[in-house]
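Q: Dropping the structure in here first, questions after.
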Amino acid sequence: MINGDIIKKRILIIGSNGMLGQRLVEFFRNNDKIELLCASVENDSLIPEINYKQLDITQKNKVREIILEFFPDFVINTAAYTNVDKSETEKEIAWKINVNGPEYIAHYCNTIDTHLIHISTDYIYDGKEGPYTEEDKPCPIGYYGRTKLASENSIRTSGTRFTILRTNVLYGPTKYGRADFVKWVITSLRSNQIIRIVTDQIGNPTYIDDIVSAINKVIELKKEGIFNIGGIEMLSRFDFTLRIAKYFSLDESLIHPIFTKELKQQAARPLKSGLITLKAETELGYKPYSIETSFELMKKELNL
Ligand SMILES: NC(=O)c1ccc[n+]([C@@H]2O[C@H](COP(=O)([O-])OP(=O)(O)OC[C@H]3O[C@@H](n4cnc5c(N)ncnc54)[C@H](OP(=O)(O)O)[C@@H]3O)[C@@H](O)[C@H]2O)c1
C-alpha cells in the first residue's frame, strides 16, 4: 500500500511572515496533498499553528540544515530586505539578505535537485521605457534593484532548477505586520489625513493572491524560467489611489498630486515601469483579477 505521505509535495516557504509569505501559507496550509514547512527570520510565526522554523537566510549553515533536513520538492523564497530607501545606506545587510541568502538557498536546492521559486521586482529596470517584458535588459538605478538583479543572476548561474517571478507594487488582504498601500490609503483617508501621491510612477499594481495563484501554477506545471506577474492595468500611483478612494467611498480631495523628485527620497525610483504579463498568461494561464474585484475581495476578507 502506498503511504499517503510519500506522494505529498513538500514545500518550504521562506519569508513566511512577510506580506506575500503569509498569503502563501494561508493558501497551502490546508492542502492535504502538501507537506508545508514555513521559515522566517523572527523567532515565531505570525500565523498560528503552522509548521515553522526560525531561519536567517544569511547564515549558510542554517540554510543548509533546513533544506537538507526537510528535503523539499519546492522552495519558495519570499524573504528579502525590502526597504528600498534604507538599502542605499544599509548596503551590507541589503546585500547579505538579497544576494547571499538566495545564493545559499539556490546552492542547497541544487545539491538535492529542488525547484527554487524566487520573487524579484521591476526595480531591476531604470523606468525609462516601461512596461517591460522578461527579455528587456535590466538596468537598476538604486541599490535595492541592484541586489535583486544580483540575486536573479546568482540563481540563474547556480545550476538549480528555478523560476523567477518579477512583480511590482504588491497589495492584498494580509492580516499581520505592516499595512500594504491600499490599507494605508484607506486608513489615512478615513482619518482625514492629506496624502501626497506621485503622478509620475507608472506600474501595474499586483494583487497578492494573483501572484499566489501564479506560484501554484508554477508548482503544478513545474514551469521553469522568468515570468512577469502584475495587475491587469497600467496606471500611475495617483490614479490607483483615486480608484481606491472611489471604490471605498473616501474623500478624493485629500489626495494631493506630487512628482517623485519632490519627495526627495534616498533611492531613485523607476518611473515609467510596469510588467507585461503575456508570457505568464500564455504559459501559466495567468489571469489576474480586475482592480475593483481585488478591492471587493479585500473588503470582504478584511471587513474594510
Ligand atoms: N512588496 C512589494 O511591493 C514588492 C514589489 C516587487 C517585488 N517584491 C518582492 O517580493 C518578495 C516579497 O515581498 P514582501 O512585500 O512580501 O516583503 P516583506 O513583507 O518585507 O517580507 C519579507 C520577509 O522576509 C523576512 N526576512 C528579512 N530578512 C530575512 C532573513 N535574513 N532571513 C529570513 N527572513 C528574512 C522579513 O522579516 P522582517 O520583516 O522581520 O525583516 C519578512 O518577513 C520580496 O522578494 C520582494 O523583493 C515585493
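Q: Rounded to the nearest 5, what is the percent of antiparallel bridges among the DSSP beta bridges in the chain?
A: 5
Q: While we're here: Please arrange HIS256, HIS118 by how many other C-beta atoms lie within 10 Å of their C-beta, fewest to most.
A: HIS256, HIS118
Q: Moving on to the next point. Arranged by the count of other C-beta atoms within 10 angstrom, fewest first, what order do LEU275, LEU189 take?
A: Arranged by neighbour count, lowest to highest, LEU275, LEU189 become LEU189, LEU275.
Q: Would you please name the trypsin sites (Lys or Arg not before Pro) within the stretch 4-43 that are DSSP coil residues with at most 10 other C-beta atoms within 10 Å of their C-beta?
A: Values: sites: LYS8, LYS9, ARG10, ARG23, ARG29, LYS33; in loops: LYS8, ARG29, LYS33.
Listed in order of number, the matching sites are LYS33.
Q: So which trypsin sites (Lys or Arg not before Pro) in the stretch 169-237 end up in coil per DSSP with only 15 or fewer other C-beta atoms within 10 Å?
A: On the way: sites: LYS175, ARG178, LYS183, ARG190, ARG196, LYS217, LYS222, LYS223, ARG237; in loops: LYS175, ARG178, LYS222, LYS223.
Here the trypsin sites (Lys or Arg not before Pro) that fit, given the DSSP loop and packing criteria, are LYS175, ARG178, LYS222.
Q: Excluding the sites themselves, what is the longest stretch of the chain that contains no chymotrypsin sites (Phe, Trp or Tyr not before Pro) in a DSSP loop with at most 14 other C-beta atoms within 10 Å?
A: 1-175
Q: What is the order of SER120, SER191, fewest Cβ neighbours within 10 Å to most?
A: Least crowded to most crowded, the residues run SER191, SER120.
Q: Please give the length that would be gained between ARG196 and LYS300 if that part of the chain were fully extended, namely 0.36 nm times their separation in residues minus their C-alpha to C-alpha distance (nm, one decimal).
A: Full extension from ARG196 to LYS300 adds 34.7 nm.
Taken together, the values in this text are just the output of simple stated rules run on the coordinates, not laboratory data. These figures come from a predicted structure and were not determined experimentally. Here the Cβ is made from the backbone with ideal geometry for all residues, glycine too, and neighbour counts use every protein chain on show.
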